[in-house]
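Working notes, structure below.
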Amino acid sequence: MYLGLVETRYDYQLSYLDEWVRAWQRAASKFDTFNLIHDAHLKKLERKLNDFDLIVVLHSVSADSNAWLEKLTHLSGKKRAPMILFVGNEFSSPFLSTEVRLNLIEQISPEILASQLPSDCSNWLYEKTGIRVAHAPPGIPEKPFKNSDQVKNCDLGYRGFPYPWYLLDNERNMTVHSVSEYFNSRKMKIDISFTQRFNANEWFEFLRNSRFTVSSEAGSRFVFRDDNVWISVQEYFAKNLKFYAIENDRAGMQILRRLPSYLKKVLRSLGSSLGINQASLYKPDSREMQILTELIDVSKHEYRNGKCISSRHLDALACGTWQILQPGSYNDILKEKDHFSSWTGTENEELIELICDPTKTVSRTLNALESLLETNTYDARVRSLIAKLG
């Protein structure tokens, strides 16, 4: 299979994006990769549209901006190979238009739209595009489970930015806080940060060194397919002279994304001191948080539950780390007790037993990984999507 891979590659630290890239590359006998940051790559893709057996547009094209999708609309109506388009960051935001995203996807008109969301939510969200939707959650990474007899120096490890206010969902933040307090009360060693970010190798090594990790389902319980719910919020920001919010698709953001991470951090800090913020990263204080949430009345808008499994859940299993998770469906892939311990705010006998017996923790994690390997690797996901093309 001759494959055309389309991405937007800049200085990010999201290991699951590269896991998908490598899985598609393994499935192809030959491939070309096109980075939409470079206009020359888009022109080259246009010349080769009909040469490929399959074109795959990866999550990075749609995750943080609609600008890259808009570039692809210039190919609409041209003769081309079948296309699978992945969607990244499938949640609603006042700073990145869902309506624009859906309109652009409809114009691009891929044969399959690959969604990480549970089927009931994804089918509803993309219904009006008329495009076939396929279930495509993240998979078990290629990094093998190794050093099962390795001494784990950390009892509870966690890395992850706090969930932003506009997800209208504080479950993960509360769960991490509650579980870390519990481990602290037992005088256990914890390593938790809401600000530090790892590259892929550092992330996997961190997990391999942690007996337990903690999390919840990813995403939000409130996914909207129009932008009306955010009108009052946007009006508030427009009138607040002390705050200037730069939306994801504002002019200049494409250039900012190309910069190294350390330089972006410096520029964001400088901008914040001047009252200029990248809106999606803005962290309101408690008073402003109350103002913003009172402006949003979800009962007046149609929505679906977009909580889903994420790569962090499968990464942990691959690295031999047992998970303590908020109850949820996890795309019907992870099952309570088989793959994780449920946390409802208090300890339970199962969790105490695992904490007290490291050997049992390793055994449970190995069994959990083994039960998922056959059908939940990235390679298996790729095979499933290819099969759906008929």
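No value in this document is a laboratory result; all are computed from the given coordinates. Note that this is a predicted model, so its numbers are computed, not measured. Don't worry about glycine lacking a Cβ; one is built from the backbone with ideal geometry, like all the others, and counts go over all protein chains shown.
Between Arg26 and Phe161, what is the spin-label point distance in nm, taking each point 7 Å from the Cα along the Cα→C-beta axis?
It works out to 2.9 nm between the two label points.
How much length, in nm to one decimal, is gained on full extension between Ser299 and Asn240, taken as 0.36 nm per residue of separation minus their Cα-Cα distance?
Working: separation 59, 0.36 × 59 = 21.24 nm, distance 2.58 nm.
Separation in residues times 0.36 nm, less the Cα-Cα distance, equals 18.7 nm.
Between Glu202 and Arg221, what length in nm is gained on full extension when 0.36 nm per residue of separation is reduced by their alpha carbon distance?
Computed gain between Glu202 and Arg221 is 3.8 nm.
About the Cα centre, and with charges only on the beta carbon of Lys, Arg (+1) and Asp, Glu (-1), how big is the dipole of the range 300-390? Nearest 20 debye, please.
In debye, rounded to 20, the range 300-390 gives about 560.
For a 27 Å ceiling on Cα separation, which of these pairs sit above it: Lys128/Lys239; Lys128/Lys337; Lys152/Lys337?
Result: Lys128/Lys239; Lys128/Lys337 exceed 27 Å.
Can you work out the FRET efficiency for the pair His38 and Thr195, with r the C-beta to C-beta distance and R0 = 25 Å, to the nearest 0.05?
Computed FRET efficiency for His38 and Thr195 comes out at 0.20.
Among Phe194, Asn184, His301, whose Cα lies farthest out toward the positive end of the dipole of the chain, if unit charges sit on the beta carbon of Lys, Arg (+1) and Asp, Glu (-1)?
Towards the positive end, the residue furthest out is Phe194.
Once you place label points 7 Å from the Cα toward the Cβ at Asp285 and Ser371, how far apart are they in nm?
4.8 nm
Once the piece of chain linking Glu181 and Asp53 is laid out straight, how much longer is it, given 0.36 nm per residue of separation minus the C-alpha distance between them?
40.8 nm
Can you spot the aspartates and glutamates whose alpha carbon is less than 19 Å from Lys30's alpha carbon? Ignore those fewer than 8 places along the same chain.
Glu7, Asp18, Glu19, Glu46, Asp51, Asp53, Asp379
Express in whole angstrom the spacing between the alpha-carbon centres of the range 345-390 and the range 151-178.
Between the Cα centre of the range 345-390 and that of the range 151-178, the gap is 20 Å.
In vacuo Debye scattering of the range 2-136, one point per C-alpha: log10 I(q)/I(0) at q = 0.09, 0.13, 0.18, 0.20 Å⁻¹?
-0.24, -0.51, -1.03, -1.30
Kindly provide the helix-only [θ] at 222 nm of the chain, computed as the sum of -39,500 (n - 2.57) over DSSP H runs of four or more divided by all residues, to the nearest 500 deg cm²/dmol?
Numbers: 15 runs with 153 residues, N = 390.
After summing the helix terms and dividing by the residues of the chain, the value is -11500 deg cm²/dmol.
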